[in-house]
Amino acid sequence: MYFYTLINGDGREIGSFFMDRYARPDKRPGAWMDECILRKHTNSEVQLPVAHLVCNFTKPSGDKPALLSHDEIVTLFHEFGHTLHHLLTQVDYPSVSGINGVPWDAVELPSQFMENFAWDPDVVRGMSKHVTTGVALPEQLLSKLEASRVFQSGLQMVRQVEFSLFDWRIHSEYDPAKGPRFREILNEVRDRVSVLKPPQFSRFANSFSHVFGGGYAAGYYSYKWAEVLAADAFAAFEERGIFDRGVADSFRKNILEVGGTRDIGEAFKAFRGRAPRIEPLLTQAGIDTLPPNNS
């Protein structure tokens, strides 16, 4: 277990987080961030936020260090986005501090936004090298890594659209007289959007735990909408330079610091200067946008 403290540019403490890096027997699988202490006013001072960031990386072995795959790096950046959202809040009321009170379809904005840095060539160059020789990642391999991000991205996108439409329709069209119509609705959605249709014996709906047991009911679309917000936000960094202090300060002030105190649409406009657009996500996915008025 490791403990880190986040310090502002003026030396002022902002918050802290525990990090549980490695897998061990009986540990819950996966990776996640959660709250230990929320920012709030006490009788005499402001209580600073504390988070815990949990991963399941492979432990170092002997004199060999722990080596992370790129997928694990993306996961680490994702969870650190949630961590920053919790730690950088300037809201002193726990119910709307940090990640609390943030709409379901925007709470993944900081985490998916941070994933983009794990794909940026300059960032990858700066944090990677051969474990033995110290040689930098070859440009050819870096190009292959970039290309892998958009491999079959269109199929992945329509798959998420399929899940989202199915979720919406079973909740918005439910009629007690007709019953749930799960399979009928799923087939109609697939006829509309799917490229590769599963065999008839597939019972996907029976195992769609996000909707039926995980709290995403009527909200599964948030996965893709948060990607739209994150890609558009990161595009602002690409336009100005991903290490530009001005755009970073604006993202911190308008998105990360406000918690659930401000409508996310207004907060995003304050940062981006306009409403979110889908084009940055399509560009990020390697999908060309359609010309105006093309159907």
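The values are calculated or read from the model by the stated rules, or taken from the named source; none is laboratory data. Predicted, not measured: the structure shown is a model, and the values here were computed from it. Ideal geometry is used to build each Cβ from the backbone, glycine not excepted, and the neighbour counts take in all protein chains shown.
From the list G101, G81, G9, pick out the single residue that is on the phi > 0 side of the Ramachandran plot and out of contact with any strand residue (DSSP E or B) (no Cβ under 7 Å at 6 or more places or on another chain).
On inspection, the qualifying residue turns out to be G101.
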Complete set of residues in region 58-80 that are closer than 28 Å to E108 by Cβ and among the basic types (K, R): none
Among what's in region 1-57 and is small (G, A, S) and in contact (Cβ under 8 Å) with a residue 40 or more places away in the chain, pick the residue that is surrounded by the most Cβ atoms within 10 Å (Cβ to Cβ). G15
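To keep it simple, each residue is scored yes or no on (1) in a loop (DSSP other than H, G, I, E, B); (2) among the β-branched types (V, I, T); (3) in contact (Cβ under 8 Å) with a residue 40 or more places away in the chain; (4) more than 20 Å from A285 (Cα to Cα).
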residue: L68; (1), (2), (3), (4): yes, no, no, yes
residue: I73; (1), (2), (3), (4): no, yes, yes, no
residue: T83; (1), (2), (3), (4): no, yes, yes, yes
residue: Q90; (1), (2), (3), (4): yes, no, yes, yes
residue: N100; (1), (2), (3), (4): yes, no, yes, yes
residue: P103; (1), (2), (3), (4): yes, no, yes, yes
residue: M114; (1), (2), (3), (4): no, no, no, no
residue: G126; (1), (2), (3), (4): no, no, no, yes
residue: A136; (1), (2), (3), (4): yes, no, no, yes
Could you grab me the full set of residues in region 1-39 that are among the acidic types (D, E) and outside any strand (DSSP E or B)? D10, D26
Selection from region 91-128 of residues more than 16 Å from the chain's Cα centre (by Cα) and among the small types (G, A, S) yields S95, S97, G101, G126, S128
Here is a check on your reading of the model: is A233 modelled with pLDDT of 95 or more, within 17 Å of the chain's Cα centre (by Cα) and under 14 Å from A106 (Cα atoms)? yes
Looking at (1) under 23 Å from the mean Cα position of the chain (by Cα); (2) surrounded by 12 or more Cβ atoms within 10 Å (Cβ to Cβ); (3) not charged (D, E, K, R), which is the only condition A66 fails? (1)
Search result, residues across region 138-157 that are outside any loop (DSSP other than H, G, I, E, B) and touching a Gly at 6+ places or on another chain (Cβ under 9 Å): A147, R149, S153, G154
Subset of region 170-213, residues free of Cβ contacts under 8 Å to residues at least 12 places away in the same chain and of a type in the set (S, T, N, Q), comes to N187, Q200, S202, N206, S207, S209
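One line per residue, one yes/no per condition, for (1) touching an Asp or Glu at 6+ places or on another chain (Cβ under 6 Å); (2) over 19 Å from A106 (Cβ atoms):
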residue	(1), (2)
R192	no, yes
Q200	no, yes
N206	no, yes
A226	yes, no
D244	no, yes
D263	no, no
Report yes if V46 is under 26 Å from Y220 (Cα atoms) and modelled with pLDDT under 95, otherwise no. no
